[in-house]
Structure formats: C-alpha cells, structure tokens
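To keep things clear, I will list the structure first and then write my remarks on it.
The values are calculated or read from the model by the stated rules, or taken from the named source; none is laboratory data. Computed from a predicted structure; not experimentally measured. Note: ideal-geometry Cβ built from the backbone for every residue, glycine included; neighbour counts use all protein chains shown.
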Amino acid sequence: MRESSPFSCSITTGEASRASLNTDSSRREAYAGVIFDFNGTLFWDTPLHNRAWDAFLERHGIFLSDAEKTRVIHGRNNRTIFEDLLGRRLAESELADLIEEKETVYRDRCRRESPGLAPGAAPFLDFLADRGIPRTIATASGRANVKFFFEFLGLTRWFSFPDVVWDDNRIQGKPAPDYYLAAARKLALSAAVCLVFEDSFAGIRAAQNAHAGRIIIVDSTGQDYRAFGHQVITDFSQVDRSVLSSHPATPSAPSG
C-alpha cells in the first residue's frame with residue numbers, strides 16, 4: 001500500500017456532501033474570470049509553511065499551535081504577521097530580513113519535499129487556458145516566493161506573472177478586499193463576475209468583502225468551513241465547469 005502524503009486526500013461521504021453544497025442545478029450564472037489564492041489552495045503547502053514557521057519562531061523564542069498559526073498567520077500579509085508576532089512596528093529593512101529568513105527555510109523545504117499542485121488543479125487550469133477564460137492569482141506571498149513558484153511549478157503554462165497580485169508590503173492584507181479587487185482589475189473585470197478559490201478564513205472574508213461573484217473553498221487541511229455557507233471542494237475535478245463563460249462579455253472594472 002502506498003504511504004499517504006500530507007498533500008493527498010481521500011473523499012469521505014461527509015466531504016462529498018460538503019462538495020455538493022451550493023451547487024443548485026438551477027443556478028447557472030456564467031462567471032467571466034477566475035481568481036485563485038495560492039498557498040493552501042492551488043499549492044497544498046500548509047504543512048511546509050507550518051514547519052518553516054516553527055523553525056523561525058523557535059529562533060525568536062515564540063511558540064504558536066497550529067490553530068494559532070491559522071488565526072495569526074495564514075492568509076495575512078507579511079507586515080501584519082511579523083508585527084503581530086513581535087509586538088512592534090518594523091522598519092522596511094528589518095521586515096525584509098525577517099521575511100527572507102523565514103522564506104529561505106520554506107523554499108528549501110519545497111525543493112526537498114517537492115509537493116505538486118493541488119489534486120485536479122492542472123486539468124482544471126488546462127480547461128481555463130484552452131477556453132481563454134481570464135485567470136490570475138491573488139496571494140499573500142511576497143514577490144520572491146511568487147517568482148519561485150513560477151519557476152518551481154511551471155506556472156507560466158497557465159498564468160501571466162505581471163497579472164499576479166502579491167504582497168508588496170503596501171497592499172492591505174486579507175480580510176480587506178484589496179487583493180481580490182486588484183486581481184479583478186488585472187483581468188479588466190469586476191469582482192462580481194469572478195469565481196474565487198480560497199482556503200484561509202481571512203481570504204474567504206476578503207473575497208466576500210470584495211463582493212466576488214462566487215466563492216469556492218478548497219479544503220486541504222480538514223477545517224470546519226460550515227459557517228461560511230460556500231461550496232467546499234477537496235479536488236478541482238469537483239468544480240462545475242458549466243458556470244464559467246468561455247467568451248466573457250461583461251463590463252470591465254472601474255480604473256479607480
């Protein structure tokens with residue numbers, strides 16, 4: 001029997017029920033664009049991030065449980081995370097050094113453990129690309145990590161690097177709507193006609209605050225998402241592709 005990996009999953013009856021949530025066959029809006037969160041959504045790297053954070057936190061005399069990491073770290077931008085952890089305002093140079101310290105550990109773990117994209121993600125991305133459906137990524141990762149992901153995972157097959165919205169230490173972090181509003185503008189669309197995929201609580205709230213047309217939650221860690229009331233999937237093959245428009249004809253987002 002093949003040993004299970006932290007990045008693989010099996011679908012239980014309960015999970016299958018959750019995957020069917022909010023998939024009313026009478027509801028057939030055609031969404032014009034797709035915006036993906038990345039970490040924990042397209043790339044199931046939560047265990048790698050947690051171990052990298054453990055190494056960083058130990059060096060700095062800080063302990064967080066996995067539940068506390070979910071609340072304090074996941075889905076938030078770097079400035080907010082590090083300033084909350086250290087309890088003080090950070091200069092740009094110190095923040096950059098702290099980010100690089102942690103992310104160097106994380107990228108090394110990615111290279112050694114080589115997790116791929118989420119289950120069903122590559123065929124779904126091929127589907128979007130083949131039909132010319134606009135798509136991009138809105139991630140709280142910094143530019144260096146995004147560049148690493150593009151090279152390590154071959155993301156240029158599906159995404160344009162300049163269209164990605166990442167943490168530039170200026171954009172307001174999730175749950176503010178800024179990431180998803182900026183991503184929709186990159187696609188020349190309104191967030192209201194975009195389908196968003198997210199996994200973190202902060203990210204789901206950010207998509208809600210951006211008034212995204214539809215939100216699908218990607219569950220890679222077995223969290224309880226019932227309070228949100230959105231469809232939950234564990235594999236991108238569970239996405240109803242008929243809700244996506246191959247030839248979007250919707251008004252673009254305002255430039256302001």
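Filtering segment 74-87 for residues that are surrounded by 14 or more Cβ atoms within 10 Å (Cβ to Cβ), modelled with pLDDT of 90 or more, among the small types (Gly, Ala, Ser) and more than 18 Å from the chain's Cα centre (by Cα) leaves an empty set. Listed by position, the strands (runs of 3 or more DSSP E) inside segment 143-256 whose residues that are out of contact with any Gly (no Cβ under 6 Å at 6 or more places or on another chain) and not polar (S, T, N, Q) number at least 3 are 194-198, 214-218. When we screen Ser242, Ser200 for residues that are out of contact with any Phe, Trp or Tyr (no Cβ under 7 Å at 6 or more places or on another chain), in contact (Cβ under 8 Å) with a residue 40 or more places away in the chain, surrounded by fewer than 16 Cβ atoms within 10 Å (Cβ to Cβ) and polar (S, T, N, Q), the only hit is Ser242.
Among the residues of segment 215-238, the ones that are in contact with a Phe, Trp or Tyr (Cβ under 6 Å, 6 or more places away or on another chain) and touching a residue at least 60 places away in the same chain (Cβ under 8 Å) come to 4 in all. Residues satisfying the criterion are absent from segment 29-50 (criterion: closer than 29 Å to Val239 by Cα, touching a helix residue (DSSP H, G or I) at 6+ places or on another chain (Cβ under 6 Å), surrounded by fewer than 17 Cβ atoms within 10 Å (Cβ to Cβ) and small (Gly, Ala, Ser)). Remark: pairs (first residue in segment 138-164, closer than 20 Å to Ile99 by Cα; second residue in a strand (DSSP E or B) and among the small types (Gly, Ala, Ser); Cβ separation under 8 Å; 6+ apart in sequence or on different chains) = Phe149/Ser141; Val164/Ala138. May I ask you to list the residues in segment 122-132 that are in contact (Cβ under 8 Å) with a residue 12 or more places away in the chain, aliphatic (A, V, I, L, M) and either out of contact with any helix residue (DSSP H, G or I) (no Cβ under 8 Å at 6 or more places or on another chain) or closer than 21 Å to Lys174 by Cβ (or both)? Correct list: Leu128 only. Considering only segment 123-141, I want to know if a residue exists there that is modelled with pLDDT of 95 or more, under 22 Å from Ser246 (Cβ atoms), touching an Asp or Glu at 6+ places or on another chain (Cβ under 6 Å) and assigned by TED's automatic domain parsing to the domain that holds Phe38. Checking segment 123-141: at least one residue is modelled with pLDDT of 95 or more, under 22 Å from Ser246 (Cβ atoms), touching an Asp or Glu at 6+ places or on another chain (Cβ under 6 Å) and assigned by TED's automatic domain parsing to the domain that holds Phe38.
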